[in-house]
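Encoded as structure tokens, the structure appears first; notes follow it.
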Protein chains: 2
Amino acid sequence: MRNFTFHNPTKIVFGKGTLAELKNLIPEDRRILMMTGGGSIRKNGVHDQVMEALKGRTVIEFSGIDPNPEYEKCMDAMRLAKKEKADFLLSVGGGSVLDAAKFTAAALKFKGGDPWDILEKGAAVAEAPPVGCVLTLPATGSESNGNAVISRRATGQKLAFSSIHVFPQFSILDPATTVTLSERQTANGIVDAFVHVMEQYMTYDVNAPLQDRQAEAVLLTLIEEAPKIKEDPLNYETRANLMWCATQALNTMIGCGVPQDWTTHIIGHEITALHGLDHARTLAIVLPAVFRHQRDQKGKKLVQYARRVWGIEHRDDERTLEAGIRKTEEFFRSVGLPTRLKDYHIPLESCLPAAKAIASRNPKIGEHGDIGRKEIEAILKLAE
Amino acid sequence: MRNFTFHNPTKIVFGKGTLAELKNLIPEDRRILMMTGGGSIRKNGVHDQVMEALKGRTVIEFSGIDPNPEYEKCMDAMRLAKKEKADFLLSVGGGSVLDAAKFTAAALKFKGGDPWDILEKGAAVAEAPPVGCVLTLPATGSESNGNAVISRRATGQKLAFSSIHVFPQFSILDPATTVTLSERQTANGIVDAFVHVMEQYMTYDVNAPLQDRQAEAVLLTLIEEAPKIKEDPLNYETRANLMWCATQALNTMIGCGVPQDWTTHIIGHEITALHGLDHARTLAIVLPAVFRHQRDQKGKKLVQYARRVWGIEHRDDERTLEAGIRKTEEFFRSVGLPTRLKDYHIPLESCLPAAKAIASRNPKIGEHGDIGRKEIEAILKLAE
């Protein structure tokens with residue numbers, strides 16, 4: 001395997017009834033900016049539980065953060081935090097709210113001029129006030145990493161940054177808060193976690209057998225639990241297993257010492273920016289196309305995946321590999337996510353500008369750095 | 001799965017040449033108490049590399065820490081640290097040296113009287129100076145947890161403690177430093193890691209499928225890599241895989257939300273205290289006996305283990321389960337560790353006092369709390 005550094009200081013507090021722990025996790029003298037999303041936490045009781053746990057504390061609310069959180073919204077939050085002298089950011093919601101909180105925290109202490117530079121120019125984040133998380137939607141893994149993705153509709157951009165300073169100090173994961181998620185949110189979360197694993201696993205062999213098996217462990221569990229949650233959405237145990245899978249998919253452990261891809265995410269972000277399609281849905285479209293386009297480069301690992309995860313045992317590697325990709329597509333469709341642009345009535349032509357946009361911003365992408373504008377166009381054609 | 005808290009703040013720096021990172025990991029103004037073992041680090045170049053990285057720093061050396069580190073030795077280290085006003089403890093060596101450093105750190109700031117109370121009475125550790133680690137022997141997992149085991153020959157005791165304050169701030173893991181380990185040290189490390197996984201995995205089902213597969217991932221990789229290292233002890237890649245397995249076996253991740261056993265360790269510690277037998281060798285003797293004694297309680301998981309880890313597929317569960325235990329014994333013997341007391345010429349009678357000693361100190365042990373003096377005697381008989 002390759003050399004690596006692994007550092008994940010987030011404290012995970014997992015299980016039923018753990019929201020009450022909030023009062024012990026934030027020091028009493030902190031002024032808390034509490035960031036929330038569209039209002040579901042007011043319907044499912046989470047808001048009440050949080051306010052109960054924080055009774056007597058200074059809590060300033062900032063609500064209305066949407067999926068694919070917007071830069072300007074974070075700037076509003078930053079201004080409110082400054083005005084109110086907030087020194088603790090608490091995210092209550094899903095990965096989008098948490099990403100907004102992370103970026104707001106980084107922007108608050110940013111001394112290099114325009115905070116947008118953190119996203120566009122990779123300007124360094126030197127410090128940030130602590131961020132805490134109450135997670136209500138398992139999907140992004142943001143609850144246990146230092147990454148955030150922020151969008152700017154004005155320019156059609158969706159960009160990521162990463163810093164050790166925005167790892168949540170704690171994340172409270174109570175699976176009971178997720179039983180009221182819609183089938184669509186649940187399905188999106190499953191596919192998001194699945195593809196996070198794939199970006200770190202489906203590359204080439206560097207003799208890292210433990211990381212391979214840890215990745216396969218998450219994939220196999222997602223595949224096993226997905227039909228159960230469709231059958232019985234209120235099942236706490238299944239919700240708990242899905243929630244823990246999503247965290248493990250992107251707490252950066254399975255990516256230690258191995259090459260990573262992230263082509264599917266980079267292309268998917270563009271499709272979301274262009275068409276507003278759910279993040280996970282773009283992944284379900286792009287991933288199989290990336291696999292087919294890169295079948296030579298990813299061949300050995302695709303065969304291993306087909307055998308170990310799907311139990312496919314053709315003698316012929318080519319057939320095994322293709323069967324593995326088909327099983328992946330069937331899996332996405334089985335949870336409710338179609339796998340082609342046309343299934344969402346998105347014309348191929350409308351996506352092709354994504355190829356140019358990505359190529360203009362990045363050197364060639366993928367684990368071999370061999371995917372440029374032409375290749376992205378070819379991948380999009382395979383996804384039509 | 002059960003509720004749990006997971007918090008592992010240790011920064012892992014892994015790979016060839018990473019010892020040079022030391023200079024960036026310890027602040028320049030720190031007075032470093034450097035704790036080491038029996039001298040192998042002076043032969044294999046590790047000592048030179050560490051001193052080179054710390055050139056110009058204040059380094060006070062304390063050497064001679066033996067396997068099963070001794071309480072009195074830690075007290076000597078503590079007195080030296082106080083005298084020299086050391087404010088950073090650096091362990092250079094294996095898990096024993098690191099455990100000694102952790103306990104010395106805890107003792108340094110202990111305000112509750114005799115530091116032995118931390119081990120014997122579970123007295124709380126409220127603070128400790130930072131501990132850093134350069135690991136040269138993969139086995140105990142101590143490089144990525146807050147546990148330490150300390151012995152007191154005067155009283156024949158071997159006791160553990162655990163605290164968030166003694167997680168190493170960083171652990172440098174350079175597999176190249178492990179290629180000079182003896183076959184015995186290597187084999188002990190493999191079995192130690194294997195049994196750490198077992199203590200967290202071989203219990204009963206609580207619907208935690210991801211944790212099961214993560215545990216199996218480590219077991220399968222250890223089984224795959226063990227014969228390779230016997231064949232080619234100088235192979236960096238294999239050393240790297242074994243080193244990462246040992247860390248993952250006890251960084252507390254696979255134990256999240258599941259019942260744990262630790263019977264094998266508790267009995268093994270007594271055999272080491274009585275006979276000075278290597279820790280891992282005691283585990284190789286006790287584990288199969290615990291499995292046979294608890295076959296009813298552990299039956300379902302033993303069958304799963306036999307099937308998934310060893311690929312055994314009898315129709316009959318009893319035969320599957322027994323075949324899995326036999327495969328485990330064969331594995332231990334294949335790396336060079338016999339699995340019976342008599343293989344080490346240890347008479348059964350000489351071990352029976354262990355049962356009384358354990359029972360006098362603990363409530364009944366094991367994941368069901370059903371193992372007392374009589375049961376420990378029966379386990380020892382099965383291990384004869």
*Give the number of residues within the range A:332-341 that are part of a helix (DSSP H, G or I) and surrounded by fewer than 20 Cβ atoms within 10 Å (Cβ to Cβ).*
2
*What number of residues within the range B:115-131 satisfy the criterion of being in a loop (DSSP other than H, G, I, E, B) and more than 17 Å from residue B:73 (Cβ to Cβ)?*
10
*Return yes when residue B:295 is surrounded by fewer than 22 Cβ atoms within 10 Å (Cβ to Cβ), within 30 Å of residue B:350 (Cβ to Cβ) and either modelled with pLDDT of 95 or more or out of contact with any helix residue (DSSP H, G or I) (no Cβ under 9 Å at 6 or more places or on another chain) (or both) and no when it is not.*
yes
*Mind listing just one residue for me: the one in the range B:156-176 that is in a loop (DSSP other than H, G, I, E, B), under 16 Å from the mean Cα position of the chain (by Cα) and not aromatic (Phe, Trp, Tyr) and, of those, farthest from residue B:247 (Cα to Cα)?*
B:163
*If we scan the range B:261-278, do we find a residue that is at pLDDT 95 or above and closer than 18 Å to residue B:226 by Cα?*
no
*Determine whether the range B:11-21 contains at least one residue that is free of Cβ contacts under 8 Å to residues at least 40 places away in the same chain and over 30 Å from residue B:206 (Cβ atoms).*
yes
*Name every residue in the range B:120-141 that is among the aliphatic types (A, V, I, L, M) and buried (at least 24 other Cβ atoms within 10 Å of the Cβ), in order of residue number.*
B:131, B:134, B:135, B:137, B:139
*Restricting to the range A:24-35, what's the tally of residues that are more than 14 Å from chain B (Cβ to nearest Cβ) and under 15 Å from residue A:169 (Cα atoms)?*
6
*Quickly run through the range B:215-224 and pick out the residues that are buried (at least 23 other Cβ atoms within 10 Å of the Cβ) and without any contact (Cβ under 8 Å) to a residue 60 or more places away in the chain.*
B:215, B:217, B:218, B:221, B:222
_Flag for residue B:288 being at pLDDT 95 or above and either surrounded by 15 or more Cβ atoms within 10 Å (Cβ to Cβ) or more than 27 Å from residue B:209 (Cβ to Cβ) (or both)_ = yes
*Scan A:280, A:284 and give me the residue that is closer than 14 Å to residue A:337 by Cβ and out of contact with any Ser or Thr (no Cβ under 6 Å at 6 or more places or on another chain).*
A:280
*How many residues, within the range B:91-117, are on the phi > 0 side of the Ramachandran plot and at pLDDT 95 or above?*
1
*Which condition number in (1) under 30 Å from residue A:221 (Cα atoms); (2) surrounded by fewer than 19 Cβ atoms within 10 Å (Cβ to Cβ); (3) without any contact (Cβ under 8 Å) to a residue 24 or more places away in the chain is the one that residue A:382 fails?*
(3)
*Working only within the range B:226-266, note down all residues that are assigned to a helix (DSSP H, G or I), among the charged types (D, E, K, R) and surrounded by fewer than 23 Cβ atoms within 10 Å (Cβ to Cβ).*
B:228, B:230, B:231, B:237
*For the range A:215-257, which residues satisfy the criterion of being on the phi > 0 side of the Ramachandran plot and facing chain B (nearest Cβ under 9 Å)?*
A:257
*Boolean, residue B:372 is over 30 Å from residue B:231 (Cβ atoms) and assigned by TED's automatic domain parsing to the domain that holds residue B:246*: yes
*Kindly list the number of the only condition in (1) within 27 Å of residue A:349 (Cβ to Cβ); (2) under 16 Å from the mean Cα position of the chain (by Cα) that fails for residue A:218.*
(1)
_Residues of the range A:2-23 satisfying the condition of being under 28 Å from residue B:12 (Cα atoms) and either in contact with a strand residue (DSSP E or B) (Cβ under 8 Å, 6 or more places away or on another chain) or more than 8 Å from every other protein chain (Cβ to nearest Cβ) (or both)_ = A:3, A:4, A:5, A:6, A:7, A:10, A:11, A:12, A:13, A:14, A:15
*asked:* Suppose we filter the range A:271-285 for residues that are out of contact with any Gly (no Cβ under 8 Å at 6 or more places or on another chain) and surrounded by fewer than 24 Cβ atoms within 10 Å (Cβ to Cβ); how many remain?
replied: 5
*If residue A:96 satisfies every condition in (1) more than 21 Å from the chain's Cα centre (by Cα); (2) more than 14 Å from every other protein chain (Cβ to nearest Cβ) but one, which is the exception?*
(1)
*asked:* Considering only residues that are part of a helix (DSSP H, G or I) and either without any contact (Cβ under 8 Å) to a residue 60 or more places away in the chain or within 12 Å of chain A (Cβ to nearest Cβ) (or both), which ones fall in the range B:187-214?
replied: B:193, B:196, B:197, B:209, B:210, B:211, B:212, B:213, B:214
*Filter the range B:342-366 for residues that are within 21 Å of the chain's Cα centre (by Cα) and surrounded by 17 or more Cβ atoms within 10 Å (Cβ to Cβ); which is farthest from residue B:273 (Cα to Cα)?*
B:366
*Which of (1) loosely packed, with under 13 Cβ neighbours inside 10 Å; (2) touching a residue at least 12 places away in the same chain (Cβ under 8 Å) does residue B:369 not meet, given it meets every other one?*
(2)
*What are the residue pairs meeting all of these: first residue in the range B:284-298, first residue assigned by TED's automatic domain parsing to the domain that holds residue B:318, second residue polar (S, T, N, Q) and in a loop (DSSP other than H, G, I, E, B), Cβ atoms under 6 Å, and 6 or more apart or on different chains?*
B:284/B:339; B:285/B:339; B:288/B:339
*Tell me, please, whether a residue that is farther than 30 Å from residue A:121 by Cα, touching a residue at least 60 places away in the same chain (Cβ under 8 Å), assigned to a helix (DSSP H, G or I) and not small (Gly, Ala, Ser) can be found in the range A:351-364.*
no
*Answer yes or no: is there a residue in the range B:327-341 that is at pLDDT 95 or above and farther than 30 Å from residue B:233 by Cβ.*
no
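The values are calculated or read from the model by the stated rules, or taken from the named source; none is laboratory data. Being a predicted model, the structure only gives us computed values, none of them experimental. Backbone-built Cβ (ideal geometry, glycine too); neighbour counts: all protein chains shown.
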